[in-house]
1. What residue, among those in region 40-99 that are small (Gly, Ala, Ser) and assigned to a helix (DSSP H, G or I), is modelled with the lowest pLDDT?
2. How many residues are in contact (Cβ under 8 Å) with a residue 24 or more places away in the chain, surrounded by fewer than 11 Cβ atoms within 10 Å (Cβ to Cβ) and not small (Gly, Ala, Ser) if we restrict to region 62-100?
Amino acid sequence: MRKTKATIEGATKVEQLAAISTIASLLPKLTRAQLTEVEVATRAAMGRLPFDSFTKKQRDYILAARDIHGDEGTCEIDAENAIVSEGGDPGAYVSAWVWVYDSDVRAWKKRNK
């Protein structure tokens with residue numbers, strides 16, 4: 001991703017606009033999963049985006065996920081960097097950070113040799 005970002009930043013304005021135009025023309029042809037990948041890559045390239053950059057529906061999913069599933073130090077939902085992926089069913093996936101202890105990894109490796 002850094003290579004792509006550096007290339008775009010080093011491009012002339014005309015090259016940047018041409019790249020944006022190409023991307024915009026492809027967006028209607030992408031699947032929901034591909035759009036999610038584009039969202040992930042865009043957020044990674046741009047850095048943290050304010051919580052207000054999400055739609056109200058996305059903010060509701062993020063806040064509900066944090067209240068229902070969040071557990072400090074075990075399963076955390078980072079509101080600034082969350083990814084919300086709405087599917088065909090009513091609801092959405094919300095990305096979360098899950099903590100894994102080194103001792104858990106060692107035990108898992110032992111069980112799965």
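The values are calculated or read from the model by the stated rules, or taken from the named source; none is laboratory data. On a predicted model such as this, the values are computed, not experimentally measured, just so you know. Every residue, glycine among them, receives a Cβ derived from its backbone with ideal geometry; neighbour counts consider all protein chains shown.
1. Pass one, region 40-99, residues small (Gly, Ala, Ser): 41, 44-45, 47, 53, 64-65, 70, 73, 79, 82, 85, 87-88, 91-92, 95-96.
Okay, now just the ones that are also assigned to a helix (DSSP H, G or I), so 41, 44-45, 53, 64-65.
Working: Ala41: 62, Ala44: 55, Ala45: 59, Ser53: 72, Ala64: 92, Ala65: 92.
Only one residue fits best here, namely Ala44.
2. Residues in region 62-100 being in contact (Cβ under 8 Å) with a residue 24 or more places away in the chain, surrounded by fewer than 11 Cβ atoms within 10 Å (Cβ to Cβ) and not small (Gly, Ala, Ser): 1 in total.
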